Amino acid sequence: DAGITQSPRHKVTETGTPVTLRCHQTENHRYMYWYRQDPGHGLRLIHYSYGVKDTDKGEVSDGYSVSRSKTEDFLLTLESATSSQTSVYFCAISSRGVYNGTDTQYFGPGTRLTVL
Amino acid sequence: GNSVTQMEGPVTLSEEAFLTINCTYTATGYPSLFWYVQYPGEGLQLLLKATKADDKGSNKGFEATYRKETTSFHLEKGSVQVSDSAVYFCALRWNNAGNMLTFGGGTRLMVKP
């Protein structure tokens, strides 16, 4: 299994509070991704990173920010959590972009976030 | 834009039955196609993939063929087991920077003994 951990694994918070989720990898992969999983929607990309300090928005980035100060860590922050952000959040990594050839995304175990 | 459509579940089968989960896609260019599987309480795992038209991906008895003419990538298995019970996601990768995936909504498979 790819070395990906997510913390916390479960969190319950209240509307309006800030929340930070952490993704940590031991594979030294360049690309990292944050997805949210909701019933009927599959996984939707929130933000991704293609290197240290290099990030970009995905399909559902509103209300989220990210940071990547080290290769191994990719943080997802909800500045002011809302009930619509209740979801399961997955981090993924891959070693190459499409221009370097095809590659696989490996997923972490997920974080279940409930916003009351 | 890019999109992936899967048959809605749940799909309930008896052990040793034949499985088909339909997946069709809309994309510009020639995307790579994937099937991921998610077992209860876990993250997604790559099941199989195909990178060009007419390629067949296969793994653990599952297979899917990249059909450009019908823009489809249906997942099949000849004889399912209880341990195959999971949620299956079809996905496509954009052929541009970032190695990004677009997922279908997922299909839950339940296999009964």
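Any read-out appearing in this document is the output of simple, stated calculations on the displayed coordinates, not a laboratory observation. What you see is a predicted model, and the numbers here were worked out from it, not measured in a lab. As a convention, Cβ positions derive from the backbone with ideal geometry for all residues, glycine included, and neighbour counts pool all protein chains shown.
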Spin-label pair A:Asp38/B:Ser79, simplified geometry with 7 Å Cα→Cβ offset, distance in nm: 4.2 nm
Share of Cα-Cα pairs in the protein assembly as shown lying beyond 27 Å, as whole percent: 33 percent
Contour minus Cα-Cα distance for B:Thr70 and B:Met7 (0.36 nm per residue): 21.1 nm
Positive-pole candidate from B:Thr102, B:Phe62, B:Pro40, dipole of chain B, charges at beta carbon: B:Thr102
Low-density loop positions, trypsin sites (Lys or Arg not before Pro), the stretch B:27-61 - DSSP coil, at most 13 other Cβ in 10 Å: B:Lys52, B:Lys60
Gap separating the Cα centres of the stretch B:57-112 and the stretch A:14-63, nearest whole Å: 23 Å
Residue exposure sequence - A:Val52, B:Val111, B:Val4, A:Val12 - by fewest surrounding Cβ within 10 Å: A:Val12, A:Val52, B:Val111, B:Val4
Whole-number percent relative contact order across the stretch B:23-110, with pairs defined as alpha carbons under 8 Å at least 6 apart: 29 percent
Cα gyration tensor shape of the stretch A:1-110, rounded if a/c is under 1.5, else prolate or oblate by comparing a/b with b/c: prolate
Those GluC sites (Glu not before Pro) in the stretch B:29-82 that DSSP places in a loop and that have at most 14 other beta carbons within 10 Å: B:Glu42, B:Glu69
Computed magnitude of the charge dipole of the stretch B:1-89 (debye, nearest 20; Cβ of K, R +1, Cβ of D, E -1): 320 debye
Convex hull of the stretch B:30-113 built on C-alpha atoms - directionally averaged projected area, nm²: 5.9 nm²
Alpha carbon convex hull of the stretch B:8-48, projected area averaged over orientations, nm²: 4.4 nm²
Given 16 as the ceiling on other Cβ atoms within 10 Å, longest exposed-site-free region of chain A for trypsin sites (Lys or Arg not before Pro) in DSSP loops: A:10-52
Chain A, relative contact order in percent, only Cα pairs under 8 angstrom and at least six apart counted: 35 percent
Dmax and Rg, reported as Rg then Dmax, of the stretch A:1-61 (C-alpha, Å): 13.1, 36
Number of partner chain Cβ atoms within 10 Å, mean per residue of B:36-48: 4
Within the stretch B:37-113: Cβ-based charge dipole about Cα centre, in debye rounded to nearest 20 (Lys, Arg +1; Asp, Glu -1): 40 debye
Pairwise FRET efficiency - B:Thr26 versus A:Val88, Cβ, R0 = 30 Å, nearest 0.05: 0.70
Restricting the stretch B:1-73 to chymotrypsin sites (Phe, Trp or Tyr not before Pro) in coil, as DSSP defines it, with at most 10 other Cβ within 10 Å: B:Phe18
Peptide-level mean, for B:99-111, of C-beta atoms on other protein chains within 10 Å: 5
